[in-house]
Amino acid sequence: PKLRGRPRKEHAGNIDTDILSAAIALFDEVGFDGTAMEAVAARAGISKRTLYMRYPDKKALIKAVITSIVGGARNPDPPAFMDMRSCLMFHLENFFMICNDPGMRVLMAMGDKSSQVMRELAPMGQEITYELGIRHIVQTIVDTAGRTGIRVDAPAFYAASLLDLAMAHYQRLRALGTTVGIAPAQVASIRIVNLLLAGMQANCAADPNVSS
């Protein structure tokens, strides 16, 4: 049953959870521009007035959704990798493991510059991408390089490239209606790692002062 009047304190948190869950589902299904605030209210089982009291416009709702997703996301603690291949494979396998989560798909859709509201929120999306993914990968690349006695120039470039290649592969398969399963993800991960390692080795070969 719908709540009537001012929600009691114990119901307020449930309403916010219902709103954010409804928004995530709709953003994932029809996109940011295709989601109407009225549709979010209907999916959450609340009135439009209740929704607008909490989120005055769609931009405020999207910010709350993204904050919620990021707050609930947690990068797994990586082990001490024996080599760079293991390090990169760990992050790729983790990406493909979570990419089918609706919340993660909403985050990935922030790169869609065809959406007007996403163009306005682009700086926020870039900051979240860095904080949630790239910085974590950079640190493990640097740690692994130091432990194994190699040098990796521009680790942020390789971390960003890892995510870019994985995301492009996932989005291409999704556009074709293909589900990213364990076996296809593993094959893609191996190929992406081979590309990144080849780039690292080429940089090392170009600089005689860098050990490979």
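The values are calculated or read from the model by the stated rules, or taken from the named source; none is laboratory data. Small disclaimer: the values here were computed from a predicted structure and weren't measured. Cβ atoms come from the backbone with ideal geometry, glycine included; neighbour counts cover every protein chain shown. These accessible areas exclude ligands, DNA and RNA; they are computed on the full protein's heavy atoms, side chains included. Shrake-Rupley method; radii C 1.70, N 1.55, O 1.52, S 1.80 Å.
Structure summary
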item: Residues of region 43-67 satisfying the condition of being surrounded by fewer than 17 Cβ atoms within 10 Å (Cβ to Cβ) and in contact (Cβ under 8 Å) with a residue 12 or more places away in the chain; result: G45, S47, Y52, R54, D57, K59, K63, A64
item: Some residue of region 78-100 being closer than 29 Å to A198 by Cβ, among the aliphatic types (A, V, I, L, M), outside any helix (DSSP H, G or I) and at pLDDT 75 or above; result: yes
item: First in region 6-23 and part of a helix (DSSP H, G or I), second anywhere and among the polar types (S, T, N, Q) and at pLDDT 60 or above, Cβ under 8 Å, 6 or more apart; result: I15/T50; L20/S68; A23/T35
item: Spans of helices (runs of 4 or more DSSP H) in region 119-212 with at least 1 residues aliphatic (A, V, I, L, M), modelled with pLDDT of 90 or more and open to solvent by 30 Å² or more (accessible area, probe 1.4 Å); result: 135-148, 155-175, 182-206
item: Residues (at pLDDT below 70, out of contact with any Lys or Arg (no Cβ under 8 Å at 6 or more places or on another chain) and not in a helix (DSSP H, G or I)) located in region 101-118; result: D112, S114, S115
item: Count of region 24-38 residues which are among the β-branched types (V, I, T), part of a helix (DSSP H, G or I) and either within 17 Å of P56 (Cα to Cα) or at pLDDT 90 or above (or both); result: 1
